1. How many residues are assigned to a loop (DSSP other than H, G, I, E, B) and among the small types (G, A, S) if we restrict to the stretch 140-190?
2. Tell me whether the stretch 171-186 contains one or more residues that are over 28 Å from G330 (Cα atoms) and without any contact (Cβ under 8 Å) to a residue 60 or more places away in the chain.
3. Determine, yes or no, whether H87 is buried (at least 20 other Cβ atoms within 10 Å of the Cβ), closer than 17 Å to L138 by Cβ and in contact (Cβ under 8 Å) with a residue 24 or more places away in the chain.
4. One residue is enough: does the stretch 210-226 have a residue meeting the conditions under 19 Å from G93 (Cβ atoms), within 16 Å of the ligand (Cβ to nearest atom) and under 11 Å from the mean Cα position of the chain (by Cα)?
5. For the stretch 322-362, name all the residues that are acidic (D, E), within 13 Å of the ligand (Cβ to nearest atom) and either modelled with pLDDT under 95 or surrounded by fewer than 20 Cβ atoms within 10 Å (Cβ to Cβ) (or both).
6. Among the listed residues R282, R294, identify the single one that is under 27 Å from N381 (Cβ atoms), among the basic types (K, R), touching a Ser or Thr at 6+ places or on another chain (Cβ under 9 Å) and surrounded by fewer than 17 Cβ atoms within 10 Å (Cβ to Cβ).
7. Looking at this structure, is I242 away from the ligand (no atom under 16 Å from the Cβ) and assigned to a loop (DSSP other than H, G, I, E, B)?
8. Report every pair of residues separated by at least 6 positions or lying on different chains whose Cβ atoms are under 9 Å apart, first residue within the stretch 111-134 and without any contact (Cβ under 8 Å) to a residue 12 or more places away in the chain and closer than 18 Å to S170 by Cβ, second buried (at least 18 other Cβ atoms within 10 Å of the Cβ) and among the small types (G, A, S).
Amino acid sequence: MQSQILVINCGSSSLKFSVINPADKSVMLEGIAEQLQSPQGSITLKYQQTKQSLPLKSPYDHQAALDSIVKFLTEQSLMALIQAIGHRVVHGGEKFNQPTLLDTQVIDNIKTLSPLAPLHNPANVIGIEACLKAFPDLPQVAVFDTAFHQTLPQHAYLYGIPLELYQEHSIRKYGFHGTSHYYVVNKAAEYLNKPINQCNFISAHLGNGCSVTAVKQGQSVDTSLGMTPLEGLIMGTRSGDIDAGIIFDLAERLGYQLEEIKTLLNKQSGLLGLSGLSNDCRELEQAANEGNARASLALDIFAYKAAKTIASFAVCFNQLDGIIFTGGIGENSSLIREKITQHLALLHININSDTNNNLERGTICNIASAASIPCLIIPTNEELVIANQTNQLLSEEKRNV
Ligand code: AMP
């Protein structure tokens, strides 16, 4: 068995992990620790085609989860195969535009970026520090969600607010989901048999978090998520774009505190807030089918906003080679794809309903009708990108020694 990379993706109460061989892209094991910090916490994983759960000891935190994962890897004699660890880190600010070997200075820099991603970066750091304790001898690499968008031109990343706020306080658009967009546009170019530097795509990552990115000749030139992962499309629980004036109205007329507004826009809005039912697209589709008008409205608004953003990114190109759908909703919801593309006829995007409704799950597919530009469904694989980039960086480091 060849050398493997352990990929870690830490959220505030979860830790996703997988062991991937970058040489042949095979996944040796993958799993998730959920509801961390609570006695309900659990760890489940799939190894050798079998699903199993691992014990999680008090205090049920990220460190306890990693201890349990290490014990499992040791018992299965897998520890020696792991050559390095690749971490997903959400916010790299302007400092990090490529995968970076972790040391105390880099970790400190990631910590200083926490105000830009308060829900994500602290959790990423917890995962990194827990892994340093669990695997003190292994090299560890941070792969940043924002890195792919560091090619955005100034006219795309600056907001219409005083320039000093950018110059002195780094307030600008950074964009997220970079690893996913990078993966799917490269797959799309491969699928269409064209070099990536001759392709223009608009990529829509639609999951619990959602973003659209314009990718010109392989480089991100505009993207819908902003300085924080709140801007842009309507998401599972996040509002996406709203008139900033609403924030003042909530505070001044309705007496909301700042913290309450933050919670409202991040956790109680989007599909959940609109439907009053769920943030989960699948549940809403079922409710809409059963006649729930609010669920139906939420899906319509979600699709309209996504279509509007896709159409707005047409300004980035003279010619477009295709649009891409990925993420849990983009890959699996034929209804949402149909609703979005119905708004895009002016961009010469039309889909074949039969193809759209009868996809083979997990494969790349073009659902465009004959007269349309390609409309591709591409299953994303952020873990593979993290494993590859970790492996690549370490190979370069070895060459340079
Ligand atoms: P992600 O964050 O990428 O894991 O995506 C999660 C979202 O994908 C949730 O809203 C799910 O309801 C949605 N999703 C997953 N499978 C389906 C499906 N078959 N039909 C509609 N939505 C789906």
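The values are calculated or read from the model by the stated rules, or taken from the named source; none is laboratory data. None of the values given here were measured: they were computed from a predicted structure. Ideal geometry is used to build each Cβ from the backbone, glycine not excepted, and the neighbour counts take in all protein chains shown.
1. Taking the stretch 140-190 and keeping what is assigned to a loop (DSSP other than H, G, I, E, B), we get 145-146, 152-153, 158-162, 170-177.
In the following step, the residues that additionally are among the small types (G, A, S) were identified as 160, 170, 175.
Final tally of qualifying residues: 3.
2. Of the residues in the stretch 171-186, the ones over 28 Å from G330 (Cα atoms) are 171.
Keeping just the survivors that are without any contact (Cβ under 8 Å) to a residue 60 or more places away in the chain gives 171.
The answer is yes, given that some residue of the stretch 171-186 is over 28 Å from G330 (Cα atoms) and without any contact (Cβ under 8 Å) to a residue 60 or more places away in the chain.
3. yes
4. The answer is yes, given that some residue of the stretch 210-226 is under 19 Å from G93 (Cβ atoms), within 16 Å of the ligand (Cβ to nearest atom) and under 11 Å from the mean Cα position of the chain (by Cα).
5. Start the filter on the stretch 322-362 by keeping residues that are acidic (D, E), which leaves 331, 338, 354, 360.
Cutting the leftovers down to within 13 Å of the ligand (Cβ to nearest atom) gives us 331, 338.
Selection gives E338 alone.
6. Numbers: R294 fails: under 27 Å from N381 (Cβ atoms).
One residue alone meets the criteria, R282.
7. On the way: away from the ligand (no atom under 16 Å from the Cβ): yes; assigned to a loop (DSSP other than H, G, I, E, B): yes.
Spelling it out, I242 is indeed away from the ligand (no atom under 16 Å from the Cβ) and assigned to a loop (DSSP other than H, G, I, E, B).
8. Matching pairs, first to second residue: T112/G93.
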